[in-house]
Amino acid sequence: MDKSLLARTAAAMVARGKGVLAADESSGTCETRFKTINTACTEESRRIYRGLLFTTPGAEQFISGVILYDETIRQKTDDGVLFPDYMAKKGILPGIKVDTGAKNLALCPGEKVTEGLDGLRERLAGYFKLGARFAKWRAVIAIGEGNPALPSHTCLYANAHALARYAALCQEASIVPMIEPEVLLDGGHSIERCEDVTEATLRATYAAMAAHNVSSEHLILKTSMVVSGKTCARQAGADEVAERTMRVLKRTVPASQPGVVFLSGGQSDVSATAHLNAMAAMKGLPWPLTFSYSRALQNPALNAWKGQNANIGAAQRAFHHRAQMNSLAAQGKWKPELERKAA
Ligand code: 13P
């Protein structure tokens, strides 16, 4: 465990004005995304699409790291350079998704537990050799209003336990764990309920981190924001989202942690930017905040690309714009007018 490397990696991930691109969609998720643009999802079309994102001129001003998928970390640019080597030359940290997906949790209908611990020590050693310096594990927590209401205690603690075991293995391998307990925004629940569930999730997560001796100085939290359920009649505004999210994080996340990043979780591109901006503009926060978006960074690029080589330049411009907007938001310097100017 190289603590100096871990500290340098974590600090670089959340460097001022920079954030993380999540490009670790499984091939199945990629297929769903590519269907929306009528593009066949093959190993080569995935390589072309990821390559266009990674080689976007100037992206390194806004992007500190990229989360890759097992297939992607082994793929190459058109010039034959392995993606992680290409990124490292540009000063972008290669990261890797190491969980193997959320599976049904036994005896807990409607709930999932994330798997992937078997053989993880050996896989991490292999990924380190390929250049990965941080690793992501996503747990999913659903909110349900039935009787009993979800999430169950079982779901929170099973996922927290797995997150802690993965995080400890990462630190042992000198790879920074990016722990992602995602509270899903699907459902008609209120923002108050999302706040309660997010707090319970983070309490369970950090209790498990402590129980497994995971060092908070070498850890990045990737969290969902506290938002209204997708189909809730009352949709909270950006200031309320920011206030509730920060209240929960201050209660639960150690001040010794180097940073917090957010997932977009199905929010619109501009909402994800506006919410981040409202939080980053707050004074006296214990940690730097930034983005680690997949959909909210990629949607406009994917729609501009449409699977056509002729559209690569337009797709790169769309990606550059969203990365720049989110870079400003991570510094509390974004304004809605900046979006209109670009349109
Ligand atoms: P979204 O930003 O699309 O939620 O994706 C982030 C992520 O990495 C999900 O695991």
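Laboratory data are not the source of any read-out in this text; all were calculated from the coordinates shown. Values in this document were obtained by computation on a predicted structure and should not be read as measured data. Virtual Cβ from ideal backbone geometry, glycine too; neighbours counted across all protein chains shown.
For the stretch 296-320, the residues whose backbone nitrogen is under 15 Å from a point 7 Å from the Cα of GLU44, taken along Cα to Cβ, are 307-310. Note on the stretch 262-343: Rg/Rh from Cα positions, Kirkwood definition for Rh, rounded to two decimals, is 1.02.
Take each peptide in 176-189, 270-283, 227-240, count the other Cβ atoms within 10 Å of every residue, and average; sorted highest first, the result is 176-189, 270-283, 227-240. About its Cα centre, the dipole of the stretch 60-202 is roughly 580 debye, where the only charges are +1 on Lys and Arg Cβ and -1 on Asp and Glu Cβ.
Given R₀ = 35 Å, FRET efficiency for ARG121-ALA15 by Cβ-Cβ distance, to 0.05? The value I calculate is 0.75.
Averaging the sequence gap over all C-alpha pairs within less than 8 Å and six or more residues apart, then dividing by the number of residues, gives the stretch 301-343 a relative contact order of 27 percent. Taking the Cα centre of the stretch 31-110 as reference, the dipole from Cβ charges on Lys and Arg (+1) and Asp and Glu (-1) amounts to some 160 debye. A convex hull fitted around the alpha carbon atoms of the stretch 183-334 yields 120 Å³ per residue. Between the amide H of VAL176 and those of PHE134, ALA135, distances stay under 5 Å, these residues lying 5 or more places away or on another chain, with hydrogens modeled in the peptide plane.
The calculated 222 nm mean residue ellipticity attributable to helices in the chain amounts to -14500 deg cm²/dmol, summing -39500 (n - 2.57) over DSSP H runs of n ≥ 4 and dividing by all residues. DSSP bridge analysis restricted to the stretch 109-216 gives an antiparallel fraction near 10%, rounded to the nearest 5.
Sorted into 10 angstrom bins from 0, the C-alpha pair distances of the stretch 189-238 split as 23, 39, 24, 13, 0 percent.
Which of the residue pairs LYS97/LYS222; LYS89/LYS283; LYS90/LYS306; LYS250/LYS283; LYS230/LYS283; LYS76/LYS103 have a Cα-Cα distance greater than 23 Å in the structure shown?
LYS89/LYS283; LYS90/LYS306; LYS230/LYS283; LYS76/LYS103
Roughly what percent of Cα-Cα pairs across the stretch 156-203 reach past 18 Å?
Percent of Cα pairs beyond 18 Å in the stretch 156-203: 42.
For the stretch 40-175, the convex hull spanned by the alpha carbon atoms encloses 142 Å³ per residue. Dividing the mean sequence gap of close Cα pairs (under 8 Å, 6+ apart) by how many residues the stretch 91-131 holds gives a relative contact order of 34 percent. Taking a ≥ b ≥ c as the square roots of the Cα gyration tensor eigenvalues, with a/c under 1.5 meaning rounded and otherwise prolate when a/b beats b/c, else oblate, which class fits the chain? Since a/c stays below 1.5, the shape of the chain is classed as rounded. Look at the alpha carbon pairs under 8 Å that are at least 6 residues apart: their mean separation over the length of the stretch 202-343 gives a relative contact order of 22 percent.
Candidates TYR69, ALA158, SER190 compared by Cα position along the dipole of the chain: farthest toward the positive end lies TYR69, with charges placed on Cβ. Choose one of LEU249, GLN308, HIS321: the residue whose Cα lies farthest towards the positive end of the charge dipole of the stretch 243-343 (beta-carbon charges +1 Lys, Arg; -1 Asp, Glu; about the Cα centre). Of the options given, the answer is LEU249.
Considering every alpha-carbon pair of the stretch 46-113, the percent of pairs per 5 Å bin, from zero through the bin containing the longest distance, is 3, 15, 24, 19, 10, 7, 7, 7, 5, 2, 0. Within the stretch 140-270, DSSP assigns beta bridges of which about 10% are antiparallel (rounded to the nearest 5).
Remark: the stretch 182-279 carries a charge dipole of roughly 140 debye about the Cα centre, counting +1 on each Lys and Arg Cβ and -1 on each Asp and Glu Cβ.
Think of the chain as having a plus end and a minus end, set by charges on the Cβ of Lys, Arg, Asp and Glu; of GLN331, PRO84, CYS232, GLN331 sits farthest toward the positive end of this dipole.
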